[in-house]
Amino acid sequence: MLIYKIFRAEEWAALQADGSTFGAPVDLADGYVHFSTAAQAAETAAKHFAGAEGLVLLAVEADSLGEALQWEPSRGGALFPHLYRALSLSDVLWCRDLPLVDGAHVFPGGML
């Protein structure tokens, strides 16, 4: 199962330069890297990145993260994937731009 991480362009650039990251400021504050499922990603973008341009969407295979990935309740009791270790560049299967069109982020075709 693929899970998704939304990063600002500078956060993605830092991951590419450094090879790993403990995430965005919210991830550092919470002590884990926040991910979303395909069904959760659009709501995550709308709630936490409303109006933001220059975003990228990273896809990661959940099974490859092992026990460091925990599914924990969040919004409305839904289970969200949280990574309790650094995200490595080698974990990322692909990255796509997440353009803002008419106030909403447009996700890659077939994802949602």
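Can you name the number of the only condition in (1) surrounded by fewer than 16 Cβ atoms within 10 Å (Cβ to Cβ); (2) of a type outside the set (Gly, Ala, Ser); (3) in contact with a Cys (Cβ under 9 Å, 6 or more places away or on another chain) that residue 75 fails?
Condition (3) is where residue 75 drops out.
Quick one: which strands (runs of 3 or more DSSP E) sit completely within region 1-86 and have at least 3 residues that are under 25 Å from residue 103 (Cβ atoms) and touching a residue at least 12 places away in the same chain (Cβ under 8 Å)?
2-8, 55-61
Of the conditions (1) more than 19 Å from residue 108 (Cα to Cα); (2) among the hydroxyl-bearing types (Ser, Thr, Tyr); (3) touching a helix residue (DSSP H, G or I) at 6+ places or on another chain (Cβ under 6 Å), residue 64 clears all except one; give me its number.
Checking residue 64 against (1) more than 19 Å from residue 108 (Cα to Cα); (2) among the hydroxyl-bearing types (Ser, Thr, Tyr); (3) touching a helix residue (DSSP H, G or I) at 6+ places or on another chain (Cβ under 6 Å), the one that fails is (3).
Can you tell me which of 83, 89, 15 is of a type in the set (A, V, I, L, M, F, W, C) and either within 12 Å of the chain's Cα centre (by Cα) or modelled with pLDDT under 95 (or both)?
83
Among the residues of region 10-27, how many are within 21 Å of residue 52 (Cα to Cα), surrounded by 13 or more Cβ atoms within 10 Å (Cβ to Cβ) and among the small types (Gly, Ala, Ser)?
3
Can you say whether residue 107 is in a strand (DSSP E or B) and surrounded by 11 or more Cβ atoms within 10 Å (Cβ to Cβ), as far as the supplied structure shows?
no
The values are calculated or read from the model by the stated rules, or taken from the named source; none is laboratory data. Predicted model, so just to flag it, every value in this text is computed and none were measured. Using ideal geometry, Cβ is built from the backbone for each residue, glycine included, and neighbour counts are taken over all protein chains shown.
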